[in-house]
Amino acid sequence: MNLNTIENKAQNTSPFEAQAAIFKAFTHPVRLSILELLREGEQCVCHLSACLGQRQAYISQQLIVLRESGLVHDRRDGWNVYYSVVDPLLFEILDDVKVLSGAEPSALPSSPAECTCPRCSTKAGLTNRLSNYRFQEKRNDNY
Ligand SMILES: [Zn+2]
């Protein structure tokens with residue numbers, strides 16, 4: 001591709017194409033669920049996958065569409081890729097659409113029972129340690 005082609009492409013891109021890309025990103029229930037989970041902040045692919053009960057490969061495909069539309073960006077940290085929204089303004093759009101659709105507020109599991117992501121395993125580790133501690137405390141009371 002030469003420079004002329006790139007320049008022509010940029011000139012031919014109407015603002016509507018960028019807007020259409022955003023609307024395209026919205027046209028899938030799983031992508032909307034992902035955005036809903038990103039309301040709570042940055043999430044890794046494995047966490048989104050565990051919350052939505054879908055394979056990571058499938059979630060990654062949906063995240064690519066969201067990223068290409070410019071709605072989310074990713075950050076790599078070791079083995080994990082974290083996603084977050086570029087502009088929280090999109091949640092206002094989603095809220096308006098929710099009102100328009102008349103749908104009940106969705107209850108997504110923000111802490112799935114089984115998730116191996118660094119944050120959940122740290123939390124689970126802490127919970128286990130706490131319950132072990134409580135268990136010991138109880139036992140000590142009995143003796
Ligand atoms: Zn998790």
remark   = Expected single match for within 16 Å of the ligand (Cβ to nearest atom) and either within 30 Å of PRO15 (Cα to Cα) or in contact with a strand residue (DSSP E or B) (Cβ under 7 Å, 6 or more places away or on another chain) (or both) among ARG67, ARG55, ARG39, ARG31 is ARG39
ask   = Right, GLU40: modelled with pLDDT of 90 or more, closer than 23 Å to ASN80 by Cβ and in a loop (DSSP other than H, G, I, E, B) or not?
value = yes
request  = Output the residues belonging to region 62-83 that are more than 16 Å from SER49 (Cβ to Cβ) and either loosely packed, with under 13 Cβ neighbours inside 10 Å or among the small types (Gly, Ala, Ser) (or both).
outcome  = GLU68, SER69, GLY70, ARG75, ARG76, ASP77, GLY78
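The values are calculated or read from the model by the stated rules, or taken from the named source; none is laboratory data. Note that this is a predicted model, so its numbers are computed, not measured. Because the Cβ atoms are built from the backbone with ideal geometry, glycine has one as well, and the counts that use them run over all protein chains shown.
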